[in-house]
1. Looking at (1) loosely packed, with under 14 Cβ neighbours inside 10 Å; (2) out of contact with any Leu (no Cβ under 8 Å at 6 or more places or on another chain), can you tell me which one Gln167 breaks?
2. What pairs can you find where one residue is in the range 179-198 and in contact (Cβ under 8 Å) with a residue 12 or more places away in the chain, the other is open to solvent by less than 20 Å² (accessible area, probe 1.4 Å) and part of a loop (DSSP other than H, G, I, E, B), and their Cβ atoms are less than 6 Å apart, with a gap of 6+ or different chains?
3. I'm trying to understand the selection: among the residues of the range 160-195, which are basic (Lys, Arg) and not in a strand (DSSP E or B)?
4. Let me confirm something: among Ser141, Ser157, which residue is among the small types (Gly, Ala, Ser), more than 29 Å from Glu54 (Cα to Cα) and not in a strand (DSSP E or B)?
5. Considering only residues that are charged (D, E, K, R) and without any contact (Cβ under 8 Å) to a residue 24 or more places away in the chain, which ones fall in the range 4-46?
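The values are calculated or read from the model by the stated rules, or taken from the named source; none is laboratory data. What you see is a predicted model, and the numbers here were worked out from it, not measured in a lab. Note that we place each Cβ from the backbone using ideal geometry, even for glycine, and neighbour counts take in every protein chain shown. Side chains included, ligands, DNA and RNA excluded: accessible areas come from the protein's heavy atoms. Shrake-Rupley method; radii C 1.70, N 1.55, O 1.52, S 1.80 Å.
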Amino acid sequence: RSDAEWFLDRVNVQIIIENEQLTVRTDQPVDTDGRNVNVNYFVRLPRDWFVEVENNNGEVTISQMNESINVDVDNGEIDIAFINGSIDADLTNGNIYLNDLRGNVNSDLTNGNIFADLDLLPGGIIDLEAVNGQVNLTIPSNTSAQLRAEVTNGGISASGLPLQNTQSTPKTLRGRLGSGNGTINLETVNGSISIVGQ
């Protein structure tokens, strides 16, 4: 216990407010000598604040905001829901969950899976890309967009969508949904792509 208390005194959580910006940051010793250090943040903000999160290891959950969200995580999970703003989510290892978002969505993942249940706004953009993993997208069947899906090693499946002007190969799928007023781009290198209309 005394060792834990001694080390925790060297873990510093900083809250900095300046120039209409709030920064919350943890500084801890580089050499933990085998100790495990976890700092959990639970932050409640006004809905109209822009949010930017960087995290090395752990889960990031963001919900019920009315501004843009930028998230960058090395190892963990990203879960974003009920956002009225653009989303930019980057993850190295883990899964990304995107639900009930009203804005452009850009997500890049290295190892893991993307699970997205989204409504595309008129003229909006959904861009989901993975290196090793699956891309799973559920959208309303009346979505209007130009759709492009591409895999290197894997397959593509689409169901429940009135896709027009379809061009497909075992590794690519292109077509128009509705009037084509929007863009959906899905891509993975090693994995599969699933697109479901509901």
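1. Among (1) loosely packed, with under 14 Cβ neighbours inside 10 Å; (2) out of contact with any Leu (no Cβ under 8 Å at 6 or more places or on another chain), the lone unmet condition for Gln167 is (2).
2. What qualifies is Gly182/Gly124; Gly191/Gly133.
3. Lys171
4. Unique residue meeting the criteria: Ser141.
5. Glu5, Asp9, Arg10, Glu18, Glu20, Arg25, Asp27, Asp31, Asp33, Arg44
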